[in-house]
Structures are given as structure tokens and as C-alpha cells.
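Remarks on the structure that follows.
Rule-based calculations on the coordinates, nothing more; no lab input. All of these numbers come straight from a predicted model, not from anything done at the bench. For neighbour counting, all protein chains shown are included, and Cβ atoms are generated from backbone atoms with ideal geometry for every residue, glycine included.
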Amino acid sequence: MAATSEKAPDTRGLAGQTIGDTSVCSVNQTQLIYRGYEIADLAAHATFEEVAFLLLVGHKPSPAELADFDQQLRSNREVSEDILDIITGIAAARIASPPGGHPDSLHPMSILQTGVSLLSHADPECEDNSPEAEMRKSIRLAAKIPTLIGACQAGRDNRERHAPDASLSHAANLLWLMTGKKPSDIAAKVMDISLILYAEHDFNASTFTSRVIASTNSDMHSSVCGGIGALKGNLHGGANEAAMDMLSDIMNDTADGSITVDAWMKKAFDEKRKLMGFGHRVYKNGDHRAGILRGWGLKYCDQVDPSMKKWFDLGDEVQAIMLRDKNIHPNVDFPCGMTYYSMGIPVPQYTPIFVASRVTGWCAHIMEQHANNRIIRPLAHYAGPELMSWQDS
Ligand SMILES: CC(C)(COP(=O)(O)OP(=O)(O)OC[C@H]1O[C@@H](n2cnc3c(N)ncnc32)[C@H](O)[C@@H]1OP(=O)(O)O)[C@@H](O)C(=O)NCCC(=O)NCCS
């Protein structure tokens, strides 16, 4: 019989494998759905607070439910000064005297992970995995993470911290804590949209990590710390920072005309480099979130600083070459980099902002895991040496 030449699918990284049920989110080639609502519908008509409620509680909030939820988010933003002092102190020390020789040798994501771990020590319900306690902890985590991000940025900027402002929306408060400026309506709106787009994505690497940790009966803060660790990498959430760094490199390297964008990219392809902000495990024909965020990023530039449009023009050129030569589309992290950069947000805070949003998705999954738990413990195919005798070898 003739041998078949068909290549076996590459299943490394669990590619193409469905490994469990969820009611939180559905991701397929054409749609991203949070608990029955399509992402474009949510981005057009909902706020981040509404989406957070939807993910955590499971249904669209009534006006009374939303008012109560929003109030809980606003009233839980404070973090004790001793925790904030540690976060600001680590960030300031690393900027002043980085052990690895580079100011970002301890990344804000690592500092944020430390911050969430510290929050667990101060949370009276840390070890309580009941549904009621987990809902309260989800709200506390979502409310306090922007305060930790602000404390970290204060250390990086060597300035006083700003206190959370309960009069501001979740998105506006996050911007205020990070930048020390009360955001314009358009800045708060664009941040709100990005938080909606980043909130949930079924069994992505960080959510899966959180669920694995939760499945051992560990607590919500531990599971979120694990999620932060997984999100940090540039193949996952870290891609929004990496995409902006890459665009800056292209802008600088092509500025004097000695090399074109086309040539820059050909070199990257020849060196087999991955271009950050492109490609996706599920979306092979484009990420619906990318177009939505690009549109809002451009709207921000139009209203606030048209000179920043140069980043979107460069992005369009890179995107066109990537599609022409590799047939690979941008993911949401590509326009995110340009959008946050145009808004003046420091690049190392892009992935922590992702955490400020995705924590709602993680917590929804942690609660779902605990509600119907069996420890996640897959098998491995052994590919090591044959059995040997210790004494004879
Ligand atoms: C997202 C990502 C991790 C998905 O990984 P994956 O599902 O394992 O994708 P694959 O490795 O199967 O990609 C298929 C092919 O496209 C190539 N490819 C995928 N993304 C690429 C990218 N960003 N730049 C260049 N080539 C890319 C791969 O090298 C591979 O080529 P090959 O068949 O010649 O080896 C991957 O696309 C990537 O690394 N992107 C850059 C990081 C990023 O933006 N991450 C954020 C994701 S939301």
C-alpha cells in the first residue's frame, strides 16, 4: 500500500484541542462572544463596568444591579498604604538602580504580581472559596488592581502617588492613577473600549493557567497571580508592548531613508523573527477586536493629537506587507500598542492594563472552575531514554 504523504497536524501547545466546557465565552473564526453577546455589540453599546458584571455574574445587569456593582467597584479601590509603599518602593528602586542594568529588569507585570500576592494577605476572605466570597473577592481585585498599577507608575516616575478617585469611571480612574491627569472624555472612552475588548477570551494561556491553579482548590488570588505570570509573556499579553517596541524600531531604522519598511520586514522574515502583534492561534482570518480598537485609536488621534497618526500609517504599511508576504493578520495587541502610545501611556504599563481588564475574565473562570471542579491533570507522552539500571550505567 502506498504511504500517505499527508502531514499530521501539529498539536504541540494543545493546538486545535478542546479541553473543557465554559459558559463564559465563545471564540471561533468569525465571532467572539461574552456570555451570549458579540464583542462588536458590547464595544458599541456597553461600558466596561457592564461587561465586568456580565462576565462575573452571568447576565446583563439591570439598572439597579449595575448601580450597586459600580458602587462596589468604586468603594473598593483603596489599598493600604503599607502595601502601596512596597509597590512604589520596588518600582522606584528598580528604576534608580536596576540589577540587570536596564530599568525594566523588573517589569511592572512582576511588580503587579507581587502586589496581588500582597493583597491576598490583606483580604479577610482569601482562603474562602465559596461562591459568595469569590464574587466579593473578584470585585475587590478588579477595583484595587488599577491602584497597584498607579503605585508602580508613581515609583517609576519618582513622584507622589495619586489617590483613587471614586467620582471617576473604572477606565478614567485607571488613567488618572497612572498619569496623574484627569482624562478627557475621549481618553476615558478609548480606555473603556480597550478594557472591554481585553476582558475575556475563553481558554487562552493565562485563563487556562488560572483554571489549573483553581482546580487544585487553591484560592482566587493565587490563581490570578498565576494568570499574571502567563499574560506577561510576549506570545500572549506582553505582545501589546512588544508590538509598540517593534513599531518604534521600524520608525527609527527607516527614518533616514537608508532602509525601507519592506526591506526591514524582509530581514525580519529572513531571520525567522516573529512580528509582534500578528497571528493568532484561533483567528486565522483576522481578529475582530483589532479593527474596533484601531478605529477608536484613530478617533483619539483625530480629536487630540493628529501628529500621532503617523504610527497608524506605519502600522497600516506593516500590516499590508505582513498580509501580502505571510497572509498573517494583526491581532488586538497591534492597534493597542499604537493607541496607548498615542494616549501617552508608558509602554511597560500596557500589559498591566490588560490585567486590569482580564482579571474579570479570570475571576469568572475561577468561579466556574470551583463550581464544578475536578483537578486538571493531563497525561504526558514520554519521549525520554529507555529504562536503565542506576548501578550499571
Ligand atoms: C499568537 C501566536 C503565539 C500563535 O501561535 P501559533 O498558533 O502556534 O501559530 P503558528 O506558530 O502555528 O503559526 C503558523 C505559522 O505562521 C508563522 N507566524 C505566526 N505568527 C507569526 C508572526 N507574528 N510573525 C511571523 N510569523 C508568524 C509561524 O512562524 C508559523 O510558520 P511556519 O509554519 O513556517 O513555522 C503567534 O502567531 C505569535 O507568536 N504571534 C506574535 C505574538 C503575538 O502577537 N501574540 C499575541 C497573541 S493575541
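Taken over the chain, the alpha-carbon convex hull comes to 215 cubic angstrom per residue.
Listed by Cβ neighbour count within 10 Å, with the fewest neighbours leading, Lys272, Lys60 appear as Lys272, Lys60. Using C-alpha pairs below 8 Å separated by at least 6 residues, the relative contact order for the stretch 75-224 is 26 percent.
Projecting the Cα atoms of Val261, Ala142, Tyr283 onto the charge dipole of the chain, computed from C-beta unit charges around the Cα centre, puts Val261 farthest toward the positive end. Which whole-number percent is the relative contact order of the chain (Cα, under 8 Å, 6+ apart)? Over the chain, the number comes to 22 percent. When only Cα pairs below 8 angstrom with a gap of at least 6 residues are kept, the stretch 163-316 shows a relative contact order of 17 percent.
Just check the stretch 86-219 against the gyration tensor rule for me: Cα atoms, a ≥ b ≥ c as the square roots of the eigenvalues, rounded for a/c under 1.5, and otherwise prolate or oblate depending on whether a/b exceeds b/c. Oblate shape, in that a/c is at least 1.5 and b/c is the bigger or equal ratio.
Footprinting exposure proxy ranking of Ile196, Ile95, Ile213, fewest other C-beta atoms within 10 angstrom first, gives Ile95, Ile213, Ile196. The stretch 112-174 and the stretch 1-69 have their alpha-carbon centroids 25 Å apart. Net charge in the neighbourhood of Gly150 (other residues with Cβ under 14 Å of its Cβ; Lys, Arg +1, Asp, Glu -1) is +1. Only four residue types carry charge here, +1 at the Cβ of Lys and Arg and -1 at the Cβ of Asp and Glu. Report the dipole size of the chain about the Cα centre in Debye, rounded to the nearest 20. In total the dipole reaches around 480 debye.
Put in order of Cβ neighbour count within 10 Å, fewest first, the listed residues Leu42, Leu118, Leu235, Leu379 become Leu379, Leu235, Leu118, Leu42. The trypsin sites (Lys or Arg not before Pro) of the stretch 297-393 that meet both conditions, a loop assignment by DSSP and at most 12 other Cβ atoms within 10 Å of the site Cβ, are Arg374. Projecting the Cα atoms of Gly20, Asn373, Gln31 onto the charge dipole of the chain, computed from C-beta unit charges around the Cα centre, puts Gln31 farthest toward the positive end. Here the stretch 248-393 is assigned +1 on the Cβ of each Lys and Arg and -1 on the Cβ of each Asp and Glu. Its dipole about the Cα centre then comes out at about 500 debye.
Largest mean-square fluctuation among Gly238, Gly115, Gly36, in a Gaussian network model of the chain whose springs join Cα atoms under 10 Å apart, belongs to Gly36. Rounded to the nearest 20, the Cβ-based charge dipole of the stretch 100-197 about its Cα centre (Lys and Arg +1, Asp and Glu -1) stands at 400 debye. Computed extension gain for Cys126 through Asp316, at 0.36 nm per residue and net of the alpha carbon distance, reaches 63.8 nm.
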